[in-house]
1. Among the numbered conditions (1) farther than 21 Å from D13 by Cα; (2) open to solvent by less than 60 Å² (accessible area, probe 1.4 Å); (3) of a type in the set (G, A, S); (4) not in a loop (DSSP other than H, G, I, E, B), tell me where A69 comes up short.
2. Considering only residues that are in contact (Cβ under 8 Å) with a residue 24 or more places away in the chain and among the charged types (D, E, K, R), which ones fall in the stretch 116-135?
3. Residues that are within 29 Å of P164 (Cβ to Cβ) and of a type outside the set (A, V, I, L, M, F, W, C): does the stretch 64-74 have at least one?
4. Would you mind telling me which numbered condition in (1) assigned to a loop (DSSP other than H, G, I, E, B); (2) open to solvent by 70 Å² or more (accessible area, probe 1.4 Å); (3) at pLDDT below 95 A80 fails?
5. Starting from the stretch 1-27, take each residue that is on the phi < 0 side of the Ramachandran plot and list its partners that are assigned to a helix (DSSP H, G or I), counting only C-beta distances under 6 angstrom and pairs at least six apart or across chains.
6. Going residue by residue through the stretch 137-144, is there one that turns out to be free of Cβ contacts under 8 Å to residues at least 12 places away in the same chain and either among the basic types (K, R) or not in a helix (DSSP H, G or I) (or both)?
7. Picking from F55, F42, which residue would you name as being part of a helix (DSSP H, G or I), open to solvent by 70 Å² or more (accessible area, probe 1.4 Å) and of a type outside the set (G, A, S)?
Amino acid sequence: LGVFEGEVYNGADDNASGVAAMLEAIAWFQENPPENTIIFAFFDAEEQGFAGSAFFVRAMPESLRERMALNLNLDMVARADKGELYAVGGYHNPELIPLIDSVAEDAPITLNRGHDSPEWGNQDWTLQSDHAPFLRAGFPIIYLGVEDHPDYHRSSDTFEEVDPDTFARITDTIIMMAEAADDWVAEQP
């Protein structure tokens, strides 16, 4: 969020954690090449109406649009204060439920489905992060994130509040999900 009223909002969880986890996933796939082409995109201005991700979707060449199979979004993935990571997307794309559930079986942290249907009310995260423009454009999405915590959108969202062991287990789960998604895409007709 930058600087507000003289205070620096570092955003250790929202969203330096997603960036750090994606950098780790990039390193993983450099050592373990995927079956499919993977685009790692870092979007800016999510808090200002998904400016970066919405532009990406609008400006996507037709040749890429035809090949795009899935959007996997990471936003706020470090502070699992209850030891839970959520996978959003199964409600809107039921074909992804077996993929999510298979990762959850072996994940080193509790991976739940949810936060993606009207029953969640204002905690329905379906349109609350950079996966929203992809979903609106008709692409299947999986969004991985943690629930809000007391430091959400506060200057107190600093790295000292992140438990390194929990974040490492979440990052391992993210890589497991990315690998499973790569396999899932390779199996599609």
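1. Only one criterion is unmet by A69, namely (4).
2. Hits for the stretch 116-135 are D116, D130.
3. yes
4. Going through the list (1) assigned to a loop (DSSP other than H, G, I, E, B); (2) open to solvent by 70 Å² or more (accessible area, probe 1.4 Å); (3) at pLDDT below 95, A80 breaks only (2).
5. From the stretch 1-27, the pairs are A12/F159; A21/T171; A21/I174; E24/T171; A25/I175; A25/A178.
6. Yes: the stretch 137-144 contains one or more residues that are free of Cβ contacts under 8 Å to residues at least 12 places away in the same chain and either among the basic types (K, R) or not in a helix (DSSP H, G or I) (or both).
7. Every option except F55 fails the conditions.
The rows are residues; the columns are (1) in a strand (DSSP E or B); (2) in contact with a helix residue (DSSP H, G or I) (Cβ under 7 Å, 6 or more places away or on another chain); (3) within 24 Å of I39 (Cβ to Cβ).
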position	(1), (2), (3)
N73	yes, no, yes
S102	no, yes, yes
N112	yes, no, no
N122	no, no, no
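The values are calculated or read from the model by the stated rules, or taken from the named source; none is laboratory data. For clarity, every value in this text was computed on a predicted model and none was experimentally measured. No Cβ is skipped: glycine too gets one built from the backbone with ideal geometry, and neighbour counts run over all protein chains shown. To get the accessible areas, we keep the full protein, side chains included, count just its heavy atoms, and leave off ligands, DNA and RNA. Shrake-Rupley method; radii C 1.70, N 1.55, O 1.52, S 1.80 Å.
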